[in-house]
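See structure below.
The values are calculated or read from the model by the stated rules, or taken from the named source; none is laboratory data. Since the structure is predicted, the reported quantities are computational estimates derived from the model, not experimental observations. All Cβ positions, glycine included, derive from the backbone under ideal geometry; neighbour counts span all protein chains shown. These area figures cover heavy atoms from the full protein model, side chains too; ligands, DNA and RNA do not enter into them. Shrake-Rupley method; radii C 1.70, N 1.55, O 1.52, S 1.80 Å.
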Amino acid sequence: SVSRAIKPFAEPGRPPDWFSQKHCASQYSELLETTETPKRKRGEKGEVVETVEDVIVRKLTAERVEELKKIIKETQEKYRQLKKDAELIQAGHMDNRLEELCNEIMMWVILLF
């Protein structure tokens, strides 16, 4: 059920069986094997002890945050460049490259659809 629930959030290019129960179980098993088991702390009763699952969640969350920061930065840079290009086109400074830019845009449209 988890595999079906997360399937809509997949990155493009994943193989069709990526979200099968078997593959999800093997990925989870691999995570458990490669994650260091947290040291148990002696302390007061009722103290919450960090589990392996907590370590995995924290690690994957940090990795995903870094990925998203990178994507945001790349998107912002692309936006700035496109805005600059649009201003240059409107000012008439890129008239000699309009055909090349048009072809580039058409290629992006074809790739997206």
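Checking the condition assigned to a helix (DSSP H, G or I) and either of a type outside the set (Phe, Trp, Tyr) or under 21 Å from the mean Cα position of the chain (by Cα) (or both), which residue from Lys83, Lys39 passes?
Within the list Lys83, Lys39, the selection yields Lys83.
Among the residues in the stretch 84-92, are any open to solvent by 70 Å² or more (accessible area, probe 1.4 Å) and modelled with pLDDT under 85?
Step one: of the stretch 84-92, the residues open to solvent by 70 Å² or more (accessible area, probe 1.4 Å) are 84, 87, 90.
Among the residues that remain, those that are also modelled with pLDDT under 85 are: none.
No, that holds for no residue.
If I ask for residues that are among the acidic types (Asp, Glu) and either more than 14 Å from Leu82 (Cα to Cα) or open to solvent by 100 Å² or more (accessible area, probe 1.4 Å) (or both), which ones from the stretch 94-113 would you list?
Asp95, Glu99, Glu100 - these are the residues of the stretch 94-113 that are among the acidic types (Asp, Glu) and either more than 14 Å from Leu82 (Cα to Cα) or open to solvent by 100 Å² or more (accessible area, probe 1.4 Å) (or both).
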Residues in the stretch 1-16 that are open to solvent by less than 90 Å² (accessible area, probe 1.4 Å) and charged (D, E, K, R): how many? 1
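Would it be correct to say that Leu31 is open to solvent by less than 90 Å² (accessible area, probe 1.4 Å), assigned to a helix (DSSP H, G or I), under 30 Å from Pro12 (Cβ atoms) and modelled with pLDDT under 90? Before you say what the answer is, go through the steps one by one.
Values: open to solvent by less than 90 Å² (accessible area, probe 1.4 Å): yes; assigned to a helix (DSSP H, G or I): yes; under 30 Å from Pro12 (Cβ atoms): yes; modelled with pLDDT under 90: yes.
The answer is yes for Leu31.
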